[in-house]
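One structure is given below, encoded as structure tokens.
Nothing in this text is a laboratory measurement; each read-out follows from the coordinates by a stated rule. Computed from a predicted structure; not experimentally measured. Note that each Cβ is placed from the backbone with ideal geometry, even for glycine, and that neighbours are counted across all protein chains shown.
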Amino acid sequence: MMEPGNSMPGLQGKIPEYIVVEGPMGVGKSSLASRLATRFNADILFEQPQDNPFLERFYQSREKYALPTQLHFLFQRSQQMKSLQQRDLFHSSVVGDFLLEKDKLFAQLNLETDELALYKQIYKQLSPELPRPDLVIYLQAPVSVLMQRIRRRGIDAEQNIHTDYLKSLCDIYSQFFHSYTRSPLLIVNAESINFVDHDEDFDMLLEHILRISSGRHYFNPLSKQSL
């Protein structure tokens, strides 16, 4: 196993111990995180939306099922964070596909005022002291591209997503990462590049990742390949 902090053969830079890939649904965060975990021989810490029994009903009726859907995710994600705190980061890298802080973004978007107040109280009680990622990768793509990818991957629960909702989600992500300073940040234009299926595209991104040690960075690649 490749130890975290070591460099990769043929590439300059060190492997971050804890990487998080974030972005709105359909942007490819889980797919990219999976490939990074494979390349780095890293443990994975992924969202598990398939385990949320309210999610499909939420997409059918947001107002009715927003609160139970959000609370289930909060309980699930906070438990995952506690597990991350208890592990030894010096034995292997970790790649995740969510920040716990983003849970509040969905709450602000979907909950009524009184529900949001209740959510905030529960969040304050549940949220652990969060490990600081060594790198956050924020993937962006236009709403039209995200809708195409959501339709293409064909997850039943997601087929009721409306363009207006997805646009609102992209907006709150942009606002959040506009002022994000907790960890080094790489903002990636993922519109027309395929990090998952095309090795050349993935290696370009990898070179950027291994060079980052602090600050905010942008990766706006041009590719003949598209997702």
Check: When only C-alpha pairs under 8 Å and at least 6 residues apart count, what is the relative contact order of the stretch 131-206, in percent?
Finding: 51
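If you average the sequence gap of Cα pairs under 8 Å that are 6 or more apart and divide by the length of the stretch 18-219, what percent do you get for the contact order?
Relative contact order comes out at 29 percent.
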Notebook entry, point to check: Of the listed peptides 106-116, 140-150, what is their order by residue-averaged count of other C-beta atoms within 10 Å, with the highest listed first?
Noted result: 140-150, 106-116
Margin query: I need two numbers for the stretch 164-227: Rg to one decimal and Dmax as a whole number, Cα atoms only, in Å.
Written below: 13.4, 37
Checklist line | Taking only Cα atoms of the stretch 70-227, radius of gyration then Dmax in Å | finding: 17.2, 49
Item checked: About the Cα centre, charge dipole magnitude for the stretch 18-219 (Lys/Arg +1, Asp/Glu -1 at Cβ), debye -> 320
Check: What residue among THR181, VAL95, SER144 has its Cα farthest toward the positive end of the dipole of the chain, where the charges are +1 on Lys, Arg and -1 on Asp, Glu, each on the Cβ?
Finding: THR181
Item checked: Environment charge of GLY23, counting only residues whose C-beta is closer than 10 Å and scoring Lys/Arg +1, Asp/Glu -1 -> 0
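Let me know the volume per residue of the alpha-carbon convex hull for the stretch 93-148, in Å³.
Value for the stretch 93-148: 109 Å³ per residue.
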